[in-house]
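*Asks:* Got a structure for you, questions after.
Only the coordinates and a few stated rules stand behind these numbers; no lab work does. These numbers come from a predicted model, not from an experiment. Ideal geometry is used to build each Cβ from the backbone, glycine not excepted, and the neighbour counts take in all protein chains shown.
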2 protein chains.
Amino acid sequence: MAEGINTDETGELIASNKVEGTAVYDTSGERLGTISNFMVGKRSGQVEYAVLQFGGFLGLGADYYPIPWSMLTYDVDQGGYVVDLDKDVLEGAPRYASDAEPDYTEDYNQQVYTYYGVTY
Amino acid sequence: MAEGINTDETGELIASNKVEGTAVYDTSGERLGTISNFMVGKRSGQVEYAVLQFGGFLGLGADYYPIPWSMLTYDVDQGGYVVDLDKDVLEGAPRYASDAEPDYTEDYNQQVYTYYGVTY
């Protein structure tokens, strides 16, 4: 069970700093990684991505996967987020190393959303 | 200049973990405090509040002020966010202590938005 996530999970709102670090599972209950952070539209205030952190050791060598926010569902029993994605889909998904963050251009965003079959 | 904020300020998106800790100024350039975190709609993915942290010492005794996201403007020159609020307005504003987070009910949200004169 996640310790942090429930603390600020009040009503319909969640606290960004409690979501960061929360575990992410696939639909079979296998742990995929954790949520590193959100990417938020500066003007709109809309969360476009949850960035998932997979692999590596103590953060070294980990890969970062921006996932459309709408793909994540919070599961109270597991104390984490669930995404309906197979590991082999994730293996081919857009990702970056911690020192090579993308520019999140229109083209890049289109590419990510298209990969997951989500309308941008 | 903020060191973190620009790192992930790519294109139209900002990273939640870079905004946390960023300074907040009033329109005269006076430093009011820092951004503690966001409050995000679970289903909508919409950022409803930036929570500002004012006062206290090393986080002890600080007060937390949820501010409607739309009230914040990022200022590149100052390397922080600017809100068009007088200190005396903030002194009467809805706030909470770190161990007394609100439930962000419909009533509470209405109260905060009404205080700032922003449509909820």
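*Asks:* Quick one: which residues, 5+ away or cross-chain, put their amide H under 5 Å from the amide H of B:Leu32? H built at 1.01 Å from N.
*Replies:* Result for B:Leu32 returns B:Val24, B:Tyr25, B:Asp26.
*Asks:* Using a 10 Å cut-off around each Cβ of peptide A:44-56, what is the average number of partner chain Cβ atoms that fall inside? Could the numbers behind the result be given before it?
*Replies:* Working: counts 6, 13, 8, 9, 3, 3, 2, 4, 0, 0, 0, 0, 0.
Average neighbour count from other chains, rounded to a whole number: 4.
*Asks:* What longest range of chain A stays clear of loop-exposed GluC sites (Glu not before Pro) (DSSP non-H/G/I/E/B, at most 11 other C-beta within 10 angstrom)?
*Replies:* Numbers: sites that count: A:Glu3, A:Glu30.
Of all site-free stretches, the longest is A:31-120.
*Asks:* Put a point 7 Å out from Cα along the line to Cβ at A:Gly29; what are the distances to that point in the other copies, in nm, shortest first?
*Replies:* Label point to label point, same position, other copies: 6.0 nm.
*Asks:* Using θ = phi - 60° and the Karplus curve 6.51 cos²θ - 1.76 cosθ + 1.60, what whole-Hz ³J(HN,Hα) does each residue of segment B:26-37 get, with Gly and Pro shown as x?
*Replies:* Rounded to whole hertz, the list is 8, 5, 8, x, 6, 6, 9, x, 9, 7, 7, 5.
*Asks:* On to the next question. Taking θ as phi - 60°, what are the ³J(HN,Hα) couplings along segment B:77-83 by the Karplus curve (6.51, -1.76, 1.60), each to the nearest whole Hz, with x for Gly and Pro?
*Replies:* Rounded to whole hertz, the list is 4, 7, x, x, 8, 10, 10.
*Asks:* For B:Glu91 paired with B:Asp77, estimate the spin-label separation in nm (one decimal), with each label point 7 Å from Cα along the Cα-to-Cβ line.
*Replies:* 2.8
*Asks:* Of the candidates B:Ile14, B:Ile67, B:Ile35, which one comes out as most mobile in a Gaussian network treatment of chain B with C-alpha springs shorter than 10 Å?
*Replies:* Looking only at B:Ile14, B:Ile67, B:Ile35, the biggest GNM fluctuation is shown by B:Ile14.
*Asks:* Another question, if that's okay. For chain B, with a Gaussian network of springs between Cα atoms less than 10 Å apart, report the residue from B:Ser98, B:Ser44, B:Ser28 with the top mean-square fluctuation.
*Replies:* In this elastic network of chain B, the residue with the biggest mean-square fluctuation among B:Ser98, B:Ser44, B:Ser28 is B:Ser44.
*Asks:* Quick one: dipole size for chain B, taken about the Cα centre, charges +1 on Lys/Arg Cβ and -1 on Asp/Glu Cβ, in debye to the nearest 20.
*Replies:* Once rounded to the nearest 20, the dipole reads 200 debye.
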